[in-house]
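Everything on this sheet refers to the single structure shown next.
The values are calculated or read from the model by the stated rules, or taken from the named source; none is laboratory data. On a predicted model such as this, the values are computed, not experimentally measured, just so you know. Please note: Cβ atoms are built from the backbone with ideal geometry, for glycine as well, and neighbour counts cover all protein chains shown. Quick note on the areas: whole protein, heavy atoms, side chains included, nothing else; ligands and nucleic acids left out. Shrake-Rupley method; radii C 1.70, N 1.55, O 1.52, S 1.80 Å.
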Amino acid sequence: MSKYNNFFGDYGGRYVPEVLRLPLAELEAAYVEAIEDPAFMAEFKTFQTDFIGRPTPLLHAVNAGKALGGADIYIKLEGLANTGAHKINNAAGQALLAKRMGKTRVIAETGAGQHGVATASACARLGLECVIYMGTEDIRRQRPNVYWMELFGAEVRPVASGSATLKDAVNEAFRDWTSSYKNTHYLLGSALGPSPFPDMVREFQSVIGNEVKQQADFKIDAMVACVGGGSNAIGFFSPFIDLSGPRLIGAEAGGRGPGPGNNAVRMDASAKTGIVQGYKSRFLLDDDGQVLPTHSISAGLDYPGIGPQLAELGRTGRVEFVSVTDGEALAALKFFAATEGIIFAMESAHAGAAAMSIAKELGPGKKIIINMSGRGDKDIFISAAAFDGKNWKTFLLEESGRIND
Ligand SMILES: *Cc1c(COP(=O)(O)O)cnc(C)c1O
C-alpha cells in the first residue's frame, strides 16, 4: 500500500485494466518525488516565468464593478499565459516530469484543441516527440488548433470511433499508452482520470491560486471559475479550500437549458455517480450507465464528467455550483469586452456571467475574483457568428474565394 491516497472522499480512485497499473504506479512515484525535489520545482518555476509568462496579472475591473453596482470585481488573467489559457500550466509541469522520467515521447487527448496546443507547445520547447489524439468531429469543428499543433511539430491522429469526440480520443490515448509506456508519457489535460492525474493536475495548476493569494491585498469574499473537467477551478481554489472563506463557486455549462443532451451540468440532480475512464465521479449517464451526449457553446465545458475532487467538494458544500446558459455566457463576453477591453474565452465567460449575478447579490463593499481561464481569440468563429453574423459570413465567403484563386 502506498501512503498516497487515491481518493477524495467518495470520489476518485484508479479503476483501470491490469495493464495500466504499472505505468500509473510509476507515474505516481515519479510525481511525488519530483514535487519534493527543489531542483525540479526550480526548473518548473523558471519555465513558468520565461516561457509561460507568469505571474499573470490580477486586474481590478473597476468599470465592470461600477456598471453592475455591486461588489468590486477582480479578474485573474490566465488568458495572458503563452498559448492563451491555463492549460499550459499543467502541460508544462507534466512535460518536465516526462523528461525527468526519461520519456522521449508524449501523447495527449484533445477536444477543442486547447490542451493539444498547450501540450504540443511544451513538447516543442522541450524537444519531446508529441502525438495528439483528436476526434474527427472535433478536427472538423476546431481546424485552426490542428494547424497550430502541426506547426509545433506534433502529429495529430484522427479518431473516428464512437462519437468521434473527446471521450473517444481519451480511449485511443489510453490504448496507445498500454503498449508504449516504456518511452511514452500520457499527458492528461484536466483534473480527472485515474489517480494520480487529478492530484497532479491540481498541483501543477495551483500556481493560479497561489499567485492570487499573493496578489490580492484585500479580503476576498468570493472566487468564481468555470468547470469543465475542473483543472482551472481546482488550481484557482486550491490554496483556499481548507480555509473557511472565501466562497468558492464553480460555473457549469447550462447550454440550451435543462434536459438530457442540452447541457453539461454534473452537479445537480440530473447527474449520477459512476465510474468512467478510470475514475469515480459524477457523470451524465443514461439508465444503462452509458455516457449521455452533452452540449455547450464552449467546447472546453462540453464534457459529461467532473474531476473527483470538485465532486467531493460539491458534496461537502465547500464549493457551490451554478449553471450558466450559452446566452448568458455570450452576454458576459460582450459586457467585459465593452467595459474592460478584454476578451474572455467562451468557457471563462461562464465564470464571468456567474460573477455578474453574484456581484449584485453580494453588494457594494465586497470583493469577488473571476478566473479568466483563457482568452477568446480562439472563439472568433463562434462569437463573430453570434454577434455579427451577416458580415462574418460575407467575410468567410470572400476569404474562401481568395483561397481558391
Ligand atoms: C479547456 C478549458 C476549460 C475547461 O477545462 P477545465 O479543466 O475545467 O479547466 C476552461 N477554460 C478554457 C479557456 C479552456 O481551454
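Summary table below
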item	result
Shape of the chain, Cα gyration tensor, a/c cut at 1.5	rounded
Overall form of the range 162-268 per C-alpha gyration tensor (a/c, 1.5; a/b vs b/c)	oblate
Loop-located GluC sites (Glu not before Pro) in the range 122-187, at most 11 other Cβ atoms within 10 Å (DSSP)	none
Cα-centre dipole for the chain with unit charges at Cβ (Lys and Arg positive, Asp and Glu negative), debye to 20	340
Spacing of the two label points (7 Å from each Cα toward its C-beta) at L151 and L397, in nm	2.8
1.4 Å probe accessible area per residue over the chain, in Å²	41
Sulfur and carbon atoms: percent of accessible area, the range 238-314 [1.4 Å]	50
Anisotropy class of the range 333-405 from Cα gyration tensor, a/c 1.5 cut	prolate
Sulfur and carbon atoms: percent of accessible area, the range 1-128 [1.4 Å]	55
Ranked by how many other beta carbons lie within 10 Å on average, peptides 89-96, 121-128 from highest	89-96, 121-128
Accessible surface of the range 147-189 [probe 1.4 Å, protein heavy atoms]: carbon and sulfur percent	56
20 Å Cα-Cα threshold exceeded, pairs from K103/K280; K334/K390; K334/K360; K213/K367	K103/K280
